[in-house]
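The block underneath contains the structure these notes are about, expressed in structure tokens.
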Amino acid sequence: MNQYQAPEGLLTNRTILISGAGDGIGAEAAKTFASHGASCILLGRTVSKLEKVYDEIISAGGPEPAIVPLDLNGATPKHYQDMARTIEDQFGCLDGVLHNASLLGELCPFEEIKPEEWQQVMQVNVSAAAYMTQALMGVLRKSADASVVFTTSSVGRVGRAFWGTYSVSKFATEGMMQVLAAEYTNRNVRFNCINPGATRTQMRAKAFPAEDATKLKTPAEIMPLYLYLMGPDSKGVNGQSLDCQPK
Ligand code: NDP
């Protein structure tokens, strides 16, 4: 699937919400989904970055996206419920969600993790995705074929020293995906995880400041798996955690 070649118009008539759509992998995913015909809902906390992605989609001739400025750290279930109502009014249904926004937090020994840091990373990486998914279920069920994709990491499968909160948050992400997938077998909404692998973004540069970033895959290079999981060719794939860059 990481070699998947998406047919033209793969996502035509689909509405897809992308969290963290202003930068890195999320920005690339939004532009890629739009270039395959999707109407994108760009959710993020920095409006200027979302506007840049919006402009790039329009300049490339894609469907007009919607912008949802929201800081996942402060957002409450009510914000997600209001957003779900607006999506239903505007689009009727929702065909895809890419839970992509995450915080890395500080890399440090476990016993030095600060409670505020733990709270913030768990809020953005786990609780926000949980509350957002709960609120969006109604509008996702209205789609004939909806795909919810969570973003994991290799440290969400095997714990790594000093990656404390982030690593734990990605284990929780894998668990949340598995619980949802088990509740929705043989239904019109499927749940899977993507592990992007080492990818040239600001988060990766923060985690590995000394490495040569030119040797890393760009977000554009890992898009085939994102397209596969968002499109109809992955219908029936549920409860999987897939790698963009298998070893
Ligand atoms: P970036 O840091 O480049 O982008 C993260 C995005 O999430 C940004 O747009 C950021 O917004 C947004 N975001 C962060 N906090 C919030 C918040 N409180 N509210 C709303 N939006 C927020 O990360 P990547 O593109 O590298 O990562 C994307 C996903 O891939 C993450 O889930 C990450 O864990 C995962 N991943 C990445 C890997 C890599 O090598 N890059 C490897 C494995 C997993 P803003 O621009 O405003 O800061």
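Of all residues being touching a residue at least 40 places away in the same chain (Cβ under 8 Å) and of a type in the set (D, E, K, R) in the stretch 155-186, which is surrounded by the most Cβ atoms within 10 Å (Cβ to Cβ)? Just the residue, please.
Lys170
Among the listed residues Gly92, Gly96, identify the single one that is more than 21 Å from Thr46 (Cβ to Cβ), more than 11 Å from the ligand (Cβ to nearest atom) and under 15 Å from the mean Cα position of the chain (by Cα).
One residue alone meets the criteria, Gly96.
Conditions tested, residue by residue: (1) over 21 Å from Ala146 (Cβ atoms); (2) hydrophobic (A, V, I, L, M, F, W, C); (3) touching a helix residue (DSSP H, G or I) at 6+ places or on another chain (Cβ under 7 Å).
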site	(1), (2), (3)
Gly44	yes, no, yes
Val47	yes, yes, no
Glu51	yes, no, no
Tyr54	yes, no, no
Gln90	no, no, no
Gly96	no, no, yes
Leu104	yes, yes, yes
Phe110	yes, yes, yes
Ile113	yes, yes, yes
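Please find, among Gly74, Gly61, the residue that is of a type outside the set (Val, Ile, Thr), within 16 Å of the ligand (Cβ to nearest atom) and either at pLDDT 95 or above or farther than 13 Å from Thr173 by Cα (or both).
It is Gly74.
Tell me, please, whether a residue that is in contact with a Phe, Trp or Tyr (Cβ under 9 Å, 6 or more places away or on another chain), over 22 Å from Val126 (Cβ atoms) and polar (S, T, N, Q) can be found in the stretch 59-69.
The answer is no, given that none of the residues of the stretch 59-69 is in contact with a Phe, Trp or Tyr (Cβ under 9 Å, 6 or more places away or on another chain), over 22 Å from Val126 (Cβ atoms) and polar (S, T, N, Q).
Examine the stretch 30-39 for a residue that is aliphatic (A, V, I, L, M), modelled with pLDDT of 95 or more and surrounded by fewer than 24 Cβ atoms within 10 Å (Cβ to Cβ), and state whether such a residue exists.
Within the stretch 30-39, none of the residues are aliphatic (A, V, I, L, M), modelled with pLDDT of 95 or more and surrounded by fewer than 24 Cβ atoms within 10 Å (Cβ to Cβ).
In a helix (DSSP H, G or I), surrounded by fewer than 16 Cβ atoms within 10 Å (Cβ to Cβ) and more than 14 Å from the ligand (Cβ to nearest atom) - does that describe any residue in the stretch 228-236?
yes
The values are calculated or read from the model by the stated rules, or taken from the named source; none is laboratory data. Just so it is clear, the structure is predicted and the values come from calculations on it, not from any experiment. As a convention, Cβ positions derive from the backbone with ideal geometry for all residues, glycine included, and neighbour counts pool all protein chains shown.
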